[in-house]
Amino acid sequence: MFYDEVKVSLKAGDGGDGCFSFRRAKYEPKGGPDGGNGGRGGSVILVGDTNVADLTDYHFRPILKAKNGETGRGSDQHGARGDNLVIKIPVGTVIIDRETEEVVAEILEHEEEALLLEGGEGGKGNMQFKSSTNRAPREFTLGKPGGAGEFLFVIKTIADVGLVGFPNAGKSTLLNTLTNAHPKMASYPFTTLFPTVGILEYAELYERITLADIPGLIEGASENKGLGHRFLKHIERCKVLVVMVDLQGTDNRDPLGDYRILLNELKLYMPKLLKKPMLLAANKLDEPDAEANLKKLKAKIKKHKVIGTSCLTEDGLEDLKSAIYDLVMDERKASAEEEE
C-alpha cells in the first residue's frame with residue numbers, strides 16, 4: 001500500500017531541570033553551590049530524502065517524540081542535551097498544522113532540513129544564581145516543555161511533467177515505453193493507485209526529464225469523486241502537463257469530450273493549473289478509428305499542440321519527446337531567470 005497522506009502527533013523533548021546542590025568536601029567546610037543546568041530537549045527536524053518513497057513508516061508509527069534533556073547534577077555537571085528526532089520524508093512533502101490548517105513547512109530538495117518543533121530549554125542549576133551578595137543560592141529552575149503538535153504530511157509529487165488522463169488512456173504504458181519506470185498495467189480502471197515517476201533520458205543532449213504518471217482521473221474528480229483530490233494534488237508542482245486521450249474512444253468515449261472534461265476538472269480543482277504549459281497526446285494511433293479522430297482533434301483544438309502517438313508501434317513518440325523537451329527547457333529557463 002502506498003501512503004501519500006498521514007496524520008502524525010509529534011513532540012519535541014522537554015528541557016531537563018536544573019539541579020539544587022551544595023558542594024561538600026573534607027577541606028571545604030563552607031562548600032558552595034554546585035548544581036548544574038539541565039540539558040535542552042531534542043528538537044523535531046524534517047529532512048528530505050529521495051530514497052524515501054512514501055509515508056508508510058509514519059502511518060504505522062504516527063506518534064513520535066524527541067528525547068528529553070537530562071537533569072543537571074551536582075559537582076557542576078550539566079545535563080546532556082536530548083537527541084533530536086530526525087524524520088526522513090519524501091521530497092515534495094507538505095506539512096500542515098491540523099489545528100490551524102496552515103502549511104508550516106515544505107520539503108522540496110534532497111537533504112533539505114526544516115526545524116518543525118524546538119526542544120525545551122533546560123532549567124538553571126543553583127550555581128547560576130551565585131553572586132557576591134548571594135553566596136548560597138537556593139534557587140533553581142525547571143526545564144521548559146518542548147513544542148508539540150498534530151500534523152498532516154501530504155506528498156505532492158515533484159516532476160517536470162505530469163501525465164494526465166482518464167483510466168486506460170495509456171499513461172502507464174507510455175511511461176513504461178519512454179522511461180525506466182515500470183508501473184503496473186492492466187485493462188481495468190484505476191490500475192495505477194499512486195503516482196509513478198520515471199526518467200526520460202536525452203542522451204545526445206545530456207539532459208534528463210522526470211515524468212509522473214498521475215493516476216486516472218474521472219469526471220467529478222475536482223469534487224473528490226473516485227480518488228479525486230488524492231490524485232489531483234500530485235499535479236500542482238509539475239512544470240508541464242501532458243493530457244492523454246484515447247483516440248479509439250474505448251467504452252463509447254469521445255476523445256474531444258475527454259479532453260474538455262479533463263481540462264474542466266483541472267480548472268475546478270485549481271484554476272492556475274490551466275496556465276501551465278500543456279500539450280495533448282492523442283494515444284492509440286494504431287486503432288481503426290484513430291486517424292479520423294486525430295484529424296477531428298487537430299481541427300478543433302488550437303490552444304494546445306496535438307500529437308498522435310502509439311505505444312504499440314511507437315509512432316509519434318519521438319515527436320512527443322521533442323515537444324516535451326522544448327516545453328520543459330523553456331520552463332527551466334524561465335525559473336532560472338526569476339531566481340536571478
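Please treat every number below as a calculation from the coordinates, not as lab data. Here the structure is a predicted model, which is why all the values come from computation and not from measurement. Don't worry about glycine lacking a Cβ; one is built from the backbone with ideal geometry, like all the others, and counts go over all protein chains shown.
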**Peptide ranges 91-97, 283-289 listed from the most packed, as the mean C-beta count within 10 angstrom indicates** = 91-97, 283-289
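As an exercise, identify the GluC sites (Glu not before Pro) in segment 26-134 lying in DSSP coil whose Cβ has no more than 15 other Cβ atoms within 10 Å.
Filter output for segment 26-134: GLU99, GLU101, GLU102, GLU109, GLU111, GLU112.
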**Asked** Say the cut-off is 27 Å between C-alpha atoms; which of LYS7/LYS67; LYS11/LYS272; LYS26/LYS67; LYS65/LYS233; LYS7/LYS88 go over it?
**Response** LYS11/LYS272; LYS26/LYS67; LYS65/LYS233
**Message:** Run lengths n ≥ 4 of DSSP H only: what is the helix-derived mean residue ellipticity at 222 nm for the chain, with -39500 (n - 2.57) per run over all residues, to the nearest 500?
**Reply:** -6000 deg cm²/dmol
**Prompt:** For the chain, what proportion of DSSP beta bridges, expressed in % and rounded to the nearest 5, is antiparallel?
**Reply:** 55 percent
**Message:** Can you match semi-axes √(5λ) of the Cα gyration tensor in Å to one of these, (i) 60, 18, 16; (ii) 34, 22, 20; (iii) 28, 24, 23, based on a calculation from the structure here?
**Reply:** (i)
**Prompt:** What net charge do the residues around GLY42 carry, taking every other residue with its C-beta under 12 Å from that of GLY42, with Lys and Arg at +1 and Asp and Glu at -1?
**Reply:** +1
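Over all directions, the average projected area of the alpha-carbon convex hull for segment 5-155 comes to how many nm²?
Averaged projected area of segment 5-155's Cα convex hull equals 11.2 nm².
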